[in-house]
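The values are calculated or read from the model by the stated rules, or taken from the named source; none is laboratory data. Just so it is clear, the structure is predicted and the values come from calculations on it, not from any experiment. Cβ atoms come from the backbone with ideal geometry, glycine included; neighbour counts cover every protein chain shown. Protein only, heavy atoms only, side chains kept; ligands, DNA and RNA dropped before computing areas. Shrake-Rupley method; radii C 1.70, N 1.55, O 1.52, S 1.80 Å.
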Amino acid sequence: AKQQGRNRFNYFAPFMQEATRARMTLANEMRDALMHNQFRVLYQPVIELSTGNVVKAEALVRWQHPARGLLCPSEFIPVAEHTGAIVGIGDWVFRQAVQTVKRMQLLHDKNFQVSVNGSICQFRERGVNVAEWLDYLGEQRLAPKSIIVEVTESMLLDTDHAVVHKLQALHEAGIALSLDDFGTGYCSVAFLKRYALNFLKIDPSFLMENEAGPALCEAVIALAHKLGIRVIAEGVENQRQQVQLLAAGCDFGQGYVFSAPITSDELDEMLSAVDKS
Ligand code: C2E
Ligand code: CA
Ligand code: CA
Ligand code: CA
């Protein structure tokens, strides 16, 4: 069936839109990108608001394309999800994240955590092999709780057996789960409880600019805390937001006011500076 699909694409190729052709070129180039070591991972520091310490980081993938330069996730993740390449890329990002968190724990902070982003297709039938991820953690002698998998609301709402099973397996193994982009979807409280989430990531622009303002922000944070979920505010760009979030009881902050995404070497330097002070 796959072969047939390919032939059909070729048949229609001369009539295709420019954008469709560009996506197909990108999809073809992506096949060898992993083998040719063209992906990079940047880490965005996550700050504990009460202390100012960098206690976690989020792994964010980039593609160093030989002709087009450094590509952001929005330029290639949708294609990777469509072709299934995201599974291999996601496995590679996971391994990089494991290496980085191991290094930060050995050099700086034994409780340091690194999060990786999950795409829904990674959790379907032919997606991630959770047992392989756990084997890798074992080989590297890293506690599963050092890794956080960021999931979306649509993943929590998905009833596909494989998705439910894989998320459950990650949780049972001790890998932390974080709900990304909270507030942009359905925000069902029942689903927050179902997967025993460890973290919830909220977009402060959504909360702060909402009519209810800080009151809504405080309510969401209080509810999360009641459920044993700690809150990370994303996209914190200025000190006003930082102060408001701390006052609202938010646990962690991530955003340009603290740091843009940086390399693992730069993260190491950032944590070294703190060690010395
Ligand atoms: P996200 O998970 O919501 O990641 C946060 C995005 O916000 C990142 O963009 C980050 O660079 C950006 N950001 C950080 N601080 C600020 C700020 O203060 N203000 C604003 N306006 N933006 C900020 P990035 O790196 O381009 O990633 C975009 C999206 O791509 C991510 O959104 C995530 O959904 C996806 N993504 C990144 N890496 C991976 C990956 O390895 N696998 C999968 N499946 N998705 C990934
Ligand atoms: Ca994320
Ligand atoms: Ca997010
Ligand atoms: Ca996102």
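Residues of segment 231-247 that are open to solvent by less than 10 Å² (accessible area, probe 1.4 Å) and not β-branched (Val, Ile, Thr): Ala233, Leu245. Looking at segment 124-152 only, could you name the residues that are of a type outside the set (A, V, I, L, M), modelled with pLDDT of 95 or more and within 16 Å of ligand 4 (Cβ to nearest atom)? Answer for segment 124-152, where residues must be of a type outside the set (A, V, I, L, M), modelled with pLDDT of 95 or more and within 16 Å of ligand 4 (Cβ to nearest atom): just Glu150. So, Met24, is that one modelled with pLDDT of 80 or more, open to solvent by less than 40 Å² (accessible area, probe 1.4 Å) and assigned to a helix (DSSP H, G or I) or not? No, not satisfied.
Filtering segment 248-276 to residues that are open to solvent by 60 Å² or more (accessible area, probe 1.4 Å) and charged (D, E, K, R) leaves Asp265, Glu266, Glu269, Asp275, Lys276. Scan segment 100-126 for residues that are closer than 18 Å to Phe39 by Cβ and more than 16 Å from the chain's Cα centre (by Cα) and the total you get is 0. Find the strands (runs of 3 or more DSSP E) located wholly in segment 153-248 whose residues include 1 or more that are within 26 Å of Tyr43 (Cβ to Cβ), at pLDDT 90 or above and touching a Gly at 6+ places or on another chain (Cβ under 6 Å), and list them. It comes to 199-202, 230-233. Anything in segment 159-185 that is more than 16 Å from ligand 2 (Cβ to nearest atom) and either farther than 21 Å from Ala224 by Cα or buried (at least 22 other Cβ atoms within 10 Å of the Cβ) (or both)? List them, or say none. The answer is Thr159, Asp160, His161, Ala162, Val163, Val164, His165, Lys166, Ala169, Ala173.
The number of residues in segment 139-154 that are away from ligand 3 (no atom under 16 Å from the Cβ) and open to solvent by less than 60 Å² (accessible area, probe 1.4 Å) comes to 6. Is it true that Arg40 is part of a strand (DSSP E or B), open to solvent by 40 Å² or more (accessible area, probe 1.4 Å), charged (D, E, K, R) and at pLDDT 95 or above? Against the criterion (part of a strand (DSSP E or B), open to solvent by 40 Å² or more (accessible area, probe 1.4 Å), charged (D, E, K, R) and at pLDDT 95 or above), Arg40 qualifies.
Filtered by the rule that a residue be within 16 Å of ligand 3 (Cβ to nearest atom), among the small types (Gly, Ala, Ser) and touching an Asp or Glu at 6+ places or on another chain (Cβ under 8 Å), segment 155-185 gives Ser178, Gly183, Gly185. If you go through segment 84-126 and keep only what is farther than 23 Å from Ile47 by Cα, among the β-branched types (Val, Ile, Thr) and in contact with a Lys or Arg (Cβ under 8 Å, 6 or more places away or on another chain), you end up with just Val87.
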